[in-house]
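The values are calculated or read from the model by the stated rules, or taken from the named source; none is laboratory data. Source: prediction; values computed, not measured. Quick reminder, even Gly has a Cβ in these numbers, built from the backbone with ideal geometry, and neighbours come from all protein chains shown. Remember, those area values only see protein heavy atoms, side chains included, never the ligands or the DNA or RNA. Shrake-Rupley method; radii C 1.70, N 1.55, O 1.52, S 1.80 Å.
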Amino acid sequence: MEKKDIDWSNLGFGYHKTDKRYVSNYVNGAWDNGALTDDDTITMSECAGVLQYAQTCFEGLKAYTTEDGRIVTFRPDLNAARMYDSAKRLEMPAFPKERFVEAVEQVVKANAAYVPPYGSGATLYIRPYMFGISPVIGVKPAEDYQFRMFTTPVGPYFKGGAKPITIKVSDFDRAAPNGTGHIKAGLNYAMSLHAIVTAHQEGFDENMYLDPKTRTKVEETGGANFLFVTKDGKVVTPKSGSILPSITRRSLVYVAKEYLGLEAEEREVYFDEVKDFAECGLCGTAAVISPVGKIVDHGKEICFPSGMEEMGEITKKLYETLTGIQMGRIEAPEGWVHEIKL
Ligand SMILES: *Cc1c(COP(=O)(O)O)cnc(C)c1O
């Protein structure tokens, strides 16, 4: 298979149409067989449930080339399970988990020419999503749904090294205590746009959201979970029912314990404790970990000892171990690396 002529290392994070996408329709109470298609457009009723009441959820994962030339994805079964939970919470028919993984295999295989070569830092981003497609005007779930999965090549997240970022403590809330913060719903992102645009205008890279009930505990950013390191080298990550359960964060906690022999705990983290941590990072599929150098709370600065030039020492070890596992340089735990057989 000949790779596409793309300047992989200079790709940004944007949509770049690839050859094939996967589509399955839920009609008359059942999912059809699903198929790959060349058609990158969707035609639907002007009254479709997704357009009126935002009945939609999504996932995000990556395919990439390992050191020994295999094309793989990372723990796609967990994306399948999380999308299942998201669909249930939004009263959508869940897409079967085995079929989700099969769709990943089909769509990556069909677009293998777009999977960036090893060492380029680029990856093929996979975007599964589903939405209510039949007309809905009275508030209720749609009757019919569409599940789709497209791919788009994306460039290296860190161009020229991972520079620590500055984030602000947001006055906006991301998710209500018994709301939808724990599922990957488009609606969580729609309402975060004003907060992130505002933060960017003020010169910050990201928002730290606090728990909306007491505003004393750390939740997450708009699209990544927090990971802290204490001064005595323990990994701490916030626990809350309204945080999206990041697959990267869960994998990093495992890596901390099982590969690096560190103590790691998921527990409530009070904002008051943050000033005492040694390192801070944001975890998600896009970057694996983005180091945080500074957190600003209404003019009061918390500067981590790791500084604004480099990743903290333990953050860096976590990053290198997990990316090493993903790229096939370090042996992976059973089931983590899912090869796409061409
Ligand atoms: C997707 C997402 C994450 C990161 O999850 P990964 O599975 O690691 O990519 C974190 N927070 C939010 C709100 C998200 O939507």
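Descriptive notes on the structure:
- When the residues of segment 20-62 are filtered to those that are under 15 Å from Ala94 (Cα atoms), within 16 Å of the ligand (Cβ to nearest atom) and not β-branched (Val, Ile, Thr), the one that is most open to solvent (accessible area, probe 1.4 Å) is Phe58.
- Total residues in segment 215-234 satisfying the condition of being within 16 Å of the ligand (Cβ to nearest atom) and assigned to a loop (DSSP other than H, G, I, E, B): the figure is 5.
- For segment 171-206, a tally of residues being among the aromatic types (Phe, Trp, Tyr) and within 16 Å of the ligand (Cβ to nearest atom) returns 2.
- In segment 168-180, the condition of being among the β-branched types (Val, Ile, Thr) and not in a strand (DSSP E or B) is met by at least one residue.
- Checking Gly281, Gly261, Gly241 one by one, the residue that is farther than 16 Å from Leu78 by Cβ and touching a residue at least 60 places away in the same chain (Cβ under 8 Å) is Gly241 and no other.
- Criterion: in contact with an Asp or Glu (Cβ under 8 Å, 6 or more places away or on another chain), among the charged types (D, E, K, R) and open to solvent by 60 Å² or more (accessible area, probe 1.4 Å) - qualifying residue of Lys231, Lys213: Lys231
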